[in-house]
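One structure below.
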Amino acid sequence: MTVKRLAILGSTGSIGTQTLDVVRSHPELFCVSVLAANTSDEVLLQQIEEFSPKTAVLVDETAAARLRERYHGKTEILVGEKALLDAAADDEADTVVTSMVGFAGLAPTLAALKAGKTIALANKETLVVAGELVTALAKEKGVPILPVDSEHCALFQCLQGERRETVERLILTASGGPFRGKTTEELQSVTVADCLKHPTWSMGKKITVDSATLVNKGLEVIEAHWLYDVPYEKIEVAVHPQSILHSMVEFRDGAVMAQLGLPDMRLPIQYALTYPVREAANFGRMDFKTRMGLSFEPPDMKTFRGLALAYEAGKAEGTMPCVLNGANETAVAAFLAGRIGFLDIYECIERAMDAQENVAHPSFETLCEADARARAFVRKFLENKEV
Ligand code: MG
């Protein structure tokens, strides 16, 4: 295997730092050409010193100024949104790891696809808001989109060597998050701190809240639809609190294939980066000598409406998933800032979806407009609500 040259967009976040862990464990397989972050100059500086990329990007100007004051080495430091798009298409990288959060990941992912880069997709919002556009572009350029999301990596592994027409159902597993089993009444008083205590996975804040609302699982249903071209009627969700079985595929003979492993994102990251080769890893092993139970239950979609809303948006297609996502990102930011309650997140999404008209087959510009409108709608709705 030749050395793969990586561009890691969002290198200081949860997936970014775990990707660098994978690189550290296989210096013979990978080198880092590009690192990009939003504002975390301190962490980025350490990463530059350790991995000596050709280029490093900070989107935030103030953070970049701080970095330039402290760093005078060989890595070129670039600043701003445009630099991020250039970095995504950099000649020195073969594979782009898209690990930034939210809608902001769409433009750099499109830039990487246009430049013919292999995508290791951790930014699920990209496929949620622009599934049609992104999959069409990937097809046109003949480049693979390899899933980093643990559920989608599990499905990808289960589908190896199988013919697509033999697939009957995809079953995504969900941990259920920290509030599994709670009633609507109990959810009225939960706090941000309660929400950030995820029982099995250690992740960034935004996705941890999404996991508690089940919006994350909804986004993943839409992501699975686009990645594997399976209709929504054939994508189900099973709550599996242990987070050991990462998803399953049922075939037409009734056989169900599943992938199991410890809840550690470094496994799916490494699989995406080394595919089609399965390389060795030493991130920990399952212990079958200790008693362990695996349980499954249906999701409570009435209480945790995020999942039902995502199915609705996904089936509506057009700009509706983009509206759902923009409304959710705005509502989650307000929740994390302590401005709204947990259940208000659902109300924001629902009202935004009701208020926004759906545009079929949206272009990038149309998606940007739909995203901006959804955000503005939620901000206004929350302002009025607070009064
Ligand atoms: Mg996931």
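The values are calculated or read from the model by the stated rules, or taken from the named source; none is laboratory data. Just so it is clear, the model here is predicted, and its values are computed rather than measured. In this analysis, Cβ positions are derived from the backbone assuming ideal geometry, glycine residues included, and neighbour counts consider all displayed protein chains. For the accessible areas, the whole protein counts, side chains as well, though only heavy atoms, and no ligand, DNA or RNA atoms are used. Shrake-Rupley method; radii C 1.70, N 1.55, O 1.52, S 1.80 Å.
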Open item on the list: Take the conditions touching a Gly at 6+ places or on another chain (Cβ under 6 Å), among the aliphatic types (A, V, I, L, M), at pLDDT 95 or above and surrounded by fewer than 18 Cβ atoms within 10 Å (Cβ to Cβ) and apply them to residue 262. Does it pass?
Closed with: yes
TODO: Take the residues in segment 281-293 that are without any contact (Cβ under 8 Å) to a residue 60 or more places away in the chain and open to solvent by 70 Å² or more (accessible area, probe 1.4 Å), then tell me which one is farthest from residue 174 (Cα to Cα).
DONE: 289
Task: residue 63 vs. criteria in a strand (DSSP E or B) and either β-branched (Val, Ile, Thr) or under 16 Å from residue 84 (Cβ atoms) (or both) - done: no
TODO: Please go through segment 40-57 and pick out each residue that is open to solvent by 10 Å² or more (accessible area, probe 1.4 Å), assigned to a loop (DSSP other than H, G, I, E, B) and farther than 11 Å from residue 11 by Cα.
DONE: 52, 54
- [ ] Have a look at 236, 250 and point out the one that is of a type in the set (D, E, K, R), open to solvent by less than 60 Å² (accessible area, probe 1.4 Å), farther than 24 Å from residue 119 by Cβ and touching a strand residue (DSSP E or B) at 6+ places or on another chain (Cβ under 9 Å).
- [x] 250
TODO: Kindly list the number of the only condition in (1) free of Cβ contacts under 8 Å to residues at least 40 places away in the same chain; (2) open to solvent by 10 Å² or more (accessible area, probe 1.4 Å); (3) not in a helix (DSSP H, G or I) that fails for residue 5.
DONE: (1)
Open item on the list: For the condition within 14 Å of the ligand (Cβ to nearest atom) and not hydrophobic (A, V, I, L, M, F, W, C), what is the one hit in 125, 132?
Closed with: 125
- [ ] Among residues belonging to segment 87-114 that are touching a helix residue (DSSP H, G or I) at 6+ places or on another chain (Cβ under 8 Å) and open to solvent by 50 Å² or more (accessible area, probe 1.4 Å), point out the one that is nearest to residue 13 (Cα to Cα).
- [x] 101
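Yes/no matrix, rows are residues, columns are (1) surrounded by fewer than 19 Cβ atoms within 10 Å (Cβ to Cβ); (2) in the same structural domain as residue 189 (by TED's automatic domain parsing):
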| position | (1), (2) |
| --- | --- |
| 297 | yes, yes |
| 340 | no, no |
| 361 | yes, no |
| 377 | no, no |
Task: Search result, residues across segment 218-233 that are open to solvent by 10 Å² or more (accessible area, probe 1.4 Å) and either without any contact (Cβ under 8 Å) to a residue 12 or more places away in the chain or within 13 Å of the ligand (Cβ to nearest atom) (or both) - done: 227, 231, 233
Open item on the list: Considering only segment 147-163, I want to know if a residue exists there that is more than 16 Å from the ligand (Cβ to nearest atom) and among the β-branched types (Val, Ile, Thr).
Closed with: no
